[in-house]
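The values are calculated or read from the model by the stated rules, or taken from the named source; none is laboratory data. Here the structure is a predicted model, which is why all the values come from computation and not from measurement. Cβ placement follows ideal geometry from the backbone for every residue including glycine, while neighbour counts extend to all protein chains displayed. Surface accessibility is based on the protein's heavy atoms, side chains included, excluding ligands, DNA and RNA. Shrake-Rupley method; radii C 1.70, N 1.55, O 1.52, S 1.80 Å.
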Amino acid sequence: MKKLSVGRATLGRLPLYLQYIMSISKDTPNISATAIAEALDLGEVQVRKDLGQVCGTGKPKTGYVTAELIRQLEEYLGYKKLSHGIIVGAGQLGTALLNHDGFQRFGLDIIAAFDKKADTVIKLKSGKVIYPMEQLTDFCRLYDIHIGIITVPEEAAQEVCDILIKKQIKAIWNFARCTLVIPNDVIVRNEDLALSLAHLNKLISKMDERSESN
């Protein structure tokens, strides 16, 4: 089917659908929009609309074939096309993200980190490297970096954001708890870990409620 251009809100929900569907795929050959909506505490109409824009409509009574739905979502989100990313801020969170090897499955290869406290190049046990900030410009040019990840304190986040934009990076994954000022041609995804934890707790509560009612 022809893939339509979707809005930013829909694009933000598609990875949630994919993550959930992948988590239950081994035991669920078919899944409905209704089941996805209930699991993620979203409106059924919204889920149907989102999936309809990129995956078409499911079959009556059986819904979507889970494996095919995963393939379609991965294709639309570009997970099969590997993009290079960098991290600015090599504290505990930044280093943990740098060392995590699971992002490539979702189309992101974090190849290095940069930190203003790094006076020299630091090679980690994982093989990844932390560079001084002075090397950021040449590195971005050499490796064609598409995504910049911000893991600095919130008071430094806007300055880092401005630096990344000057390096022609067009997508920013922001872990700082602040709202960044960006031009219209730059994409930003704000990741609030506290909100994510609250959402996870909500899902657990809903699962417990269903178990008690059965």
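Per residue, how many Å² of accessible area does the stretch 91-130 show with a 1.4 Å probe?
Working: 2510 Å² over 40 residues.
That works out to 63 Å² per residue.
Once Lys and Arg get +1 and Asp and Glu get -1 on their Cβ, which of Q92, Q72, I147 lies farthest toward the positive end of the dipole of the stretch 53-150?
Q72
Going highest first, how would you order 149-160, 55-66 by mean Cβ packing within 10 Å?
Numbers: 149-160: 18.9, 55-66: 14.8.
Taking the mean over residues of other Cβ atoms within 10 Å, the ranking is 149-160, 55-66.
Of the accessible area of the chain, with the probe set at 1.4 angstrom, what percent is carbon plus sulfur?
About 54 percent, which is the carbon plus sulfur part of the accessible surface.
So I have (i) 115; (ii) 149; (iii) 141, and one of them is volume of the Cα convex hull per residue in Å³ calculated from this model. Which one is it?
Among (i) 115; (ii) 149; (iii) 141, the one calculated here is (ii).
Can you pull the one-decimal nm distance between simple spin-label points at T137 and E75, each 7 Å off the Cα toward Cβ?
4.3
Highest mean first, how do 35-47, 80-92 rank when packing is the count of other Cβ atoms within 10 Å averaged over residues?
Per-residue Cβ counts within 10 Å, averaged per peptide and sorted highest first, yield 80-92, 35-47.
Rounded to the nearest whole Å², what accessible area per residue is found for the stretch 1-84 with the 1.4 Å probe?
Per residue, the stretch 1-84 has an accessible area of 59 Å².
Please work out the C-alpha center-to-center distance from the stretch 19-64 to the stretch 129-183 and express it in whole Å.
Taking the Cα centre of each part, the stretch 19-64 and the stretch 129-183 sit 35 Å apart.
So if we plug the beta-carbon distance of E68 and R189 into 1/(1 + (r/R0)^6) with R0 = 25 Å, what FRET efficiency do we get, rounded to 0.05?
Numbers: r = 27 Å, r/R0 = 1.06.
After rounding, the FRET efficiency stands at 0.40.
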